[in-house]
Amino acid sequence: MKQTLRLKIQQKLKLTPSLKQQLKLLMLPKVELEQTVKQELEENPFLDEIVNIEPEFESKEPLIDYASYVDEESSYRIKNLTYKPSLYDIIDTQIELEFEGLDKEIAKEIVSNIDEKGFLEVSVDEIAKKFSVPVEKVESIRKKITKLEPLGIASKDLKEFLLIQFREVFGRDSITERIIEEDLVNISNISYLREKYRLPEEEIEKRISMIRSLLPYPTFNFDSETPPYVEPDIFIYEKDGDFIVEINEIGIPKLKLTNQYRKLINKKELSPETKSFLEEKLQKAVGIIKGIQQRRENLRKIVEALVKHQKEFLKKGKMYLKPLKMKDIAEEVGLHESTVSRIISGKYAQTPIGVLPLKAFFSKSLSSDTGEVSTEKIKLMIKDIIEKEDKTKPFSDDAIANILKKQGINIARRTVAKYRKELKIPGTRERRVKR
């Protein structure tokens, strides 16, 4: 075999400490962001806190007195910026939005059987027997709950929870997923993993680093001696007919770069190790300042877009939730869909209808002649048709489907039956009234 030397030009993305810091901050909920910033302020010699805000840092907008603000039309009042609903209040709110009828009862039963770490304590079979429904139905509801906030709640075990987290944060990767499923006990044995998966050491280390960055259990960020709480990342309130969006940065120190260490890094007598350490700290300091700004700007853009699409939902509740996909918001704000997903993950908004995860603003839909219609809107239409029917000759599910088709809603009879049951509306025979 003839050996030759070849020059190969290859583009490779390298994450600098600054970029890593920015990406990390982008995904952090408010409470974690505050903790991270305060810790970095203590450890990083290049960071300084702005105590007396100089003119260039002052807000150009007048500050709003949230504590005394009252909207006359809706009588909605944000009484206290530090209002923190319990974890179970948050989950219950999401269940109310996501489930109907028997599914809602099963969902609440599942959540009532999670342990302090957020894992399901009882088997799916037990819950299925209690409600006399197939195991598959309960499992389907459980999996839907794991997609709520906090992510992975009601997971069966650590492996499932790590897989759910990994796919949400990093996307899919078959090798990393195999490591989680098969080799968590060998995660420190790089030589074994390198040989088994036939990858370079740096590739194995990268995957191990991603796994180790994941939370160890669903309620990890809610640990405390008192009941677990979350703090809203965004405040959405109505004023003069419009919705105002404010990013909650209360308690987060305002940062600037120090001057003395910037000069120190250029001294010639520094050892290579010291200079390398200082350069990394400087990059992280720049990254954390830029990261906070990017997080604020991107979060505001996304939430303002969500509010624009879901004004009726914020005013009147879930029946007025419009169909909205993450892809639509991503295109509108000029970000990748996966970036939008990471930014909204684990973040909550205090709204006129309660504290909601940002994921609650998205809704599936069915097609119609005039475009897409949310499933909640269709349920409302079915309920309205049944309320107005002749009780001596109630409509069958097939007849309701035909009525909706005449209104431009393309829906199957079985889908009508499914939604009717979720609304706890009995069938044709049970609704019929004799003269």
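Each reported figure results from applying straightforward, stated rules to the coordinates on display, with no laboratory input. In this text, all values refer to a predicted model and were calculated from it rather than measured experimentally.
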Practice task
Would you mind estimating how fast the stretch 203-356 diffuses translationally, via Stokes-Einstein at 25 °C and 0.890 mPa s with the Kirkwood radius over Cα pairs, in µm²/s?
Solution key: 128
Fill in the blank from the handout: hull vol. (C-alpha, convex hull) per residue for the stretch 159-277, Å³ -> 253
Exercise for the section: Give LYS147/LYS325; LYS137/LYS377; LYS316/LYS388; LYS137/LYS383; LYS383/LYS424; LYS108/LYS156 a once-over and call out the pairs whose C-alpha atoms are over 20 Å from each other. Expected result: LYS137/LYS377; LYS316/LYS388; LYS137/LYS383
Practice task
Could you calculate the contour length gain from ARG167 to GLN407, that is, 0.36 nm times the residue separation minus the distance between their Cα atoms, to one decimal place in nm?
Solution key: 82.5 nm
Problem - Binned Cα-Cα distance frequencies in the stretch 343-435 - 10 Å width, integer % - result: 14, 39, 24, 17, 5, 0
Fill in the blank from the handout: Here the gain from full extension of LYS421 to LEU199, 0.36 nm per residue of separation minus their alpha-carbon distance, amounts to 74.7 nm
Completion exercise
Cα-based Debye curve of the stretch 87-222 sampled at q = 0.14, 0.17 Å⁻¹ gives log₁₀ I(q)/I(0) of -0.68, -0.88
Practice task
Give me the lysines in straight-line cross-link reach of LYS38: C-alpha distance below 19 Å, same-chain residues under 8 apart excluded.
Solution key: LYS20, LYS24, LYS30, LYS254, LYS256, LYS281, LYS284, LYS290
